[in-house]
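None of the figures in this text is laboratory data; all of them are computed from the coordinates on show. Since the structure is predicted, the reported quantities are computational estimates derived from the model, not experimental observations. Every residue, glycine among them, receives a Cβ derived from its backbone with ideal geometry; neighbour counts consider all protein chains shown.
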Number of protein chains: 2
Amino acid sequence: MRVSRKEAAANRERVVAVASALFRKHGFDGIGVSDIMKKAGLTHGGFYGHFGSKDDLAAEACTCALRGSWDSWINASEKGGFEAAVMNYLTPEHRDDRAHGCLFAALGSDIVRQPRTVRHAMTEGFRTTIDKLVRMLPGRSAQARREHALATMAGLVGALILSRAVDDSELSDQILEASAKTFGRPQV
Amino acid sequence: MRVSRKEAAANRERVVAVASALFRKHGFDGIGVSDIMKKAGLTHGGFYGHFGSKDDLAAEACTCALRGSWDSWINASEKGGFEAAVMNYLTPEHRDDRAHGCLFAALGSDIVRQPRTVRHAMTEGFRTTIDKLVRMLPGRSAQARREHALATMAGLVGALILSRAVDDSELSDQILEASAKTFGRPQV
DNA sequence: TGTACATCAGTGAACGCGCGTTCACTGATGTAC
DNA sequence: TGTACATCAGTGAACGCGCGTTCACTGATGTAC
């Protein structure tokens, strides 16, 4: 059942992409190697031909999920798109689609308990995101813009996490709306 | 090896308290029934005399962790203590002591994947916290105060989660400081 | 109050299951001539 | 280009381990007289 090298490389990429979605949906401990492989159209036996361990895949899946992340919310508008990005982030659609949403919101409180490689991938992705946000913010000092970006990022991630955690859809909507109002307005 | 009823009740309470700390530190899936019982000074066999399942304990542990929660950060000062509460919440000490810190920051992104009972306990605790925060906020309309409380709560939880996630202590401190600056000032 | 018995909180061995991981095998791919 | 062989991506059974859970048992507590 050998497969061409090109196909094998594609299989590997598919596994990483599938894993990045399933980890976000079910958590690192909530999904197994076997199910990930199955969803990628393979059997679990071939897993260790591609990855050293489940943790190794987790680190790659995080990098994959972070690559080009935030582009989905940012790209809506070009300049002065800060408000738009916030609004795109804090939507019921994003809240209800964990598998393809923000990695920090999906796995945030678990990151600290993950192996070094996973935490590092997350940290680098975080830095990149902050840089993107800083570039979207209006003038002022670089220091103030960075502080604003860091606090806004915290607000967005926290709002999405809480809106998902709560078992009352009305309260969930209120969290999103209140946060959109508060963080969507560049406060001078 | 029977034990008096009073002692048995105390044992039960101790298990819940220990579990609330260990779940916050290691995550729901990161700690087992056996280790929880051991840390409470018991053996795992007696667990099902007190609880129906590990999930049942998790729900009770959440309620326990939420009871009187936020009092630790709020009680510092009485009136106008909003800023003080934010400052007390966003400290390196809180960040570095997950076991006894905010439940939402410790387990936030996992809540949505937990059974109904756990989510419900969390939601009720969230409501209580928001009410407390609303009461600390200055005048304005009830609506505006509630929105401010919701967004602030999101900011605090998100900031603590991100400051823990990141593997660079300098960046971690920056997240706390920027968030303290931003959320610690009642913005009009 | 003291005695005899029933209760039941806690113990530790055991069970079953699912998970991460390993391995002998297969058969199509890649390569050497 | 065609043939013969080596390679190796993927398969599926199997392993070992830890986990949640169960259970027969113990012996101190609670209770009835």
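Details
- Order of B:GLU147, B:GLU177 - criterion: other Cβ atoms within 10 Å of each residue's Cβ, fewest first: B:GLU177, B:GLU147
- Peptide B:116-126 - average C-beta neighbours from other chains (10 Å radius): 3
- For chain A, the number of Lys pairs separated by eight or more positions or lying on different chains, with C-alpha atoms closer than 28 Å, is 13.
- Sequence-separation-based contact order of the stretch A:29-188, relative, with Cα cut under 8 Å and 6+ spacing, percent: 25
- Centroid-to-centroid, using Cα positions, the stretch A:104-167 and the stretch B:122-188 are 15 Å apart.
- Inter-chain shielding of B:139-152 (mean C-beta neighbours from other protein chains, 10 Å cut-off): 3
- Helix screen, chain B: DSSP H segments with Cα axial length of 15 Å or more and mean Kyte-Doolittle hydropathy at least -1.0 are B:5-26, B:54-66, B:116-136, B:142-165, B:169-184.
- Three-way shape label, the protein assembly as shown, alpha-carbon gyration tensor, a/c 1.5: oblate
- Local charge for B:ASP168 was computed over the other residues whose Cβ lies under 11 Å away, with Lys and Arg +1 and Asp and Glu -1, and equals -2.
- Per residue of peptide B:100-111, the mean number of Cβ atoms on other chains within 10 Å of the residue Cβ is 5.
- Burial ranking of peptide ranges A:136-142, A:18-24, B:2-8 (average Cβ count within 10 Å, highest at the top): A:18-24, A:136-142, B:2-8
- By average C-beta atoms within 10 angstrom, highest first, the peptides A:117-123, B:153-159, A:107-113: B:153-159, A:107-113, A:117-123
- Each stretch of four or more DSSP H residues adds -39500 (n - 2.57); spread over every residue of chain A, this sum gives -22000 deg cm²/dmol at 222 nm.
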